[in-house]
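Participant: Take this structure, written in structure tokens, and hold onto it; I'll ask about it next.
The values are calculated or read from the model by the stated rules, or taken from the named source; none is laboratory data. The model shown is predicted, which means the values in this text are computed figures rather than measured ones. We place every Cβ from the backbone using ideal geometry, glycine too, and count neighbours over all the protein chains shown.
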Amino acid sequence: MYNITIPTEIYVCTTPVDFRKSFNGLCGIVHNNLFMNTLDGALFVFYNKRRNSVKLLHWEGDGYSIYNKRLEAGTFEFTVDSKGCVALSWEELHTILHGIELTSIKKRKRFERVA
């Protein structure tokens, strides 16, 4: 099993994607629809129309990696009402991938350094 190094930025494409697309097709969506650069090291998250499958596209410095997860039952919780992309934290993505609803979670106060 491969481990993803935790990227600084994670973006979810908020429109469903045809899952027949692979590296070139997903990179094309990032460049043409989201107007972002895949070589910046961000992790891009895509989901299908039924929201039961998710693909993660990541540039690892020397090539692209795609990680795919398909649920046998249930769906992933993603924002589907906006166009473009939504930024997520690693914790939020991890929570979504494990089937926990973000709306039912209350985050406790923690120290955050102001930039």
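Participant: Please state which one of Gly28, Gly61 is in a loop (DSSP other than H, G, I, E, B), surrounded by fewer than 19 Cβ atoms within 10 Å (Cβ to Cβ) and small (Gly, Ala, Ser). Can you show your working first?
Facilitator: Details: Gly28 fails: in a loop (DSSP other than H, G, I, E, B).
Checking each option against the conditions leaves just Gly61.
Participant: I need the full set of residues from segment 53-75 which are under 23 Å from Ser89 (Cβ atoms) and more than 12 Å from the chain's Cα centre (by Cα), in order please.
Facilitator: Here is the first cut: in segment 53-75, the ones under 23 Å from Ser89 (Cβ atoms) are 53-61, 64-69, 71, 74-75.
If the condition is that a residue be under 23 Å from Ser89 (Cβ atoms) and more than 12 Å from the chain's Cα centre (by Cα), then Trp59, Glu60, Gly61, Tyr64, Ser65, Leu71, Gly74, Thr75 are the ones that fit.
Participant: While we're here: Output the residues belonging to segment 31-52 that are among the polar types (S, T, N, Q) and either crowded, with 18+ Cβ neighbours inside 10 Å or under 13 Å from the mean Cα position of the chain (by Cα) (or both). Explain how you work it out, then say what you get.
Facilitator: If we filter segment 31-52 for residues that are among the polar types (S, T, N, Q), which is where we start, we get 32-33, 37-38, 48, 52.
Answer for segment 31-52, where residues must be among the polar types (S, T, N, Q) and either crowded, with 18+ Cβ neighbours inside 10 Å or under 13 Å from the mean Cα position of the chain (by Cα) (or both): Thr38, Asn48.
Participant: Okay, next question. Of Leu26, Leu43, which residue is at pLDDT 90 or above, touching a His at 6+ places or on another chain (Cβ under 7 Å) and of a type in the set (A, V, I, L, M, F, W, C)?
Facilitator: Details: Leu26 fails: touching a His at 6+ places or on another chain (Cβ under 7 Å).
Just one listed residue meets the conditions, Leu43.
Participant: Return yes or no: is Asp18 of a type in the set (Asp, Glu) and at pLDDT 90 or above?
Facilitator: Criteria met by Asp18.
Participant: Kindly indicate whether Glu101 is closer than 20 Å to Ile6 by Cα and more than 11 Å from the chain's Cα centre (by Cα).
Facilitator: No.
Participant: Within the set of pairs 6 or more residues apart or between chains, which connect a residue that is assigned to a loop (DSSP other than H, G, I, E, B) and of a type outside the set (D, E, K, R) inside segment 68-86 to a residue that is loosely packed, with under 10 Cβ neighbours inside 10 Å and modelled with pLDDT of 85 or more with Cβ atoms less than 9 Å apart?
Facilitator: Sorted first by the residue in segment 68-86, then by its partner, the pairs are Gly84/Phe35.
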